[in-house]
Structure formats: structure tokens, C-alpha cells
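Below is one structure, written out as C-alpha cells; comments come after it.
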Amino acid sequence: MRLLAWPVFDALDATTKRKLKGYCVGTPEGLLAPADLNYISVAWQMNHSCQPNVGFNAAEDFVAMRAIQRGEELCWDYAFGESNPKFRMRCRCGAAGCRGVVTGRDWQMLVNDPDKAKYFSAELRRHIAAVLPAPSFENPLSLIATTSDPSST
Ligand SMILES: [Zn+2]
């Protein structure tokens, strides 16, 4: 993967932009794009679910979050990787507790849940470390205390 900076993306034609936005994870700086769009692994084709069955491990590989039934579609929660604050898509995943809308800020809801946060991508972990003051990713609750401290406003 490589970062395709927003100014570079903005200069592309509409068809290429649409394809890239359909496959790539966004960050505030740009899209994380595959090195070669002609060779996209199956992982780039995976859909979102608000009740995902796969997430990332430390090596950025997808791993099962629970037992997966034969024939069950593999889905990940885009909040495990998406950090583009402008990203927004309607969700029709049909899962219990579907958020209805998926945004590039959804990780902020999930960072408190160790059962979800442990499946965040390495890139998202780097983003969180950069945007939250004095965070300890291993202790997500410290992130909440830091960001909701009324004395800091
Ligand atoms: Zn959903």
C-alpha cells in the first residue's frame, strides 16, 4: 500500500477517482492505495459490516474475530481502518446494531471497546497516536479520560 495524497487524487479523472474511492481506505492525508490497481487482492473487495467477522492483526493481515460459518461472507468494519474525516457512506449491512451510516470518525466510538479496537489496522493505530494527546493505545480508556477532560476546554 502507498499513500495517494489528496492533491494527487484530486488531479485524477472522475472514473479513476470513483474506482479508488470504492476500494481504498482513507486517511486525513489521502487514500491508502494498492501499489498496482491491476493486481488487487481479494481483501480489497471485502464489504463492511457493523458486526464484522474479520479484522486486522499486527501484520495487517485479516484474521477471524469469531468462528465463521461455511459460506458466510467475510466482512470487516471499515472503522477498523478508515480515518478520513470526510468519509461517509450509508450502511445497509443488516446487522443487529447497524450504525446506519459509516464515517471516517467511527473509530472514535470503537476505541473504547477492546474487543473491537484490537482489530484496528496499523495505519489507524498510527493515526490515533498522532491525533490524541499522550495516548496509550494499549489502554484505550486513558484516551477517553484525555479527550473528555472538561478542564482541557
Ligand atoms: Zn451496518
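What follows draws every value from the coordinates through simple rules; no lab data is involved. Predicted, not measured: the structure shown is a model, and the values here were computed from it. Neighbour counts run over all protein chains shown; Cβ positions are idealised from the backbone, glycine included.
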- What do the square roots of 5 times the Cα gyration tensor eigenvalues come to for region 81-128, in whole Å, largest first, as semi-axes of the equivalent ellipsoid? 19, 14, 8
- Counting Lys and Arg as +1 and Asp and Glu as -1, each charge on the Cβ, what is the dipole of region 25-122 about the Cα centre in debye, to the nearest 20? 400
- Query: Across bins of 5 angstrom width beginning at 0, how are the C-alpha pair distances of region 1-40 distributed, in whole percent?
  - Reply: 6, 27, 36, 26, 5, 0
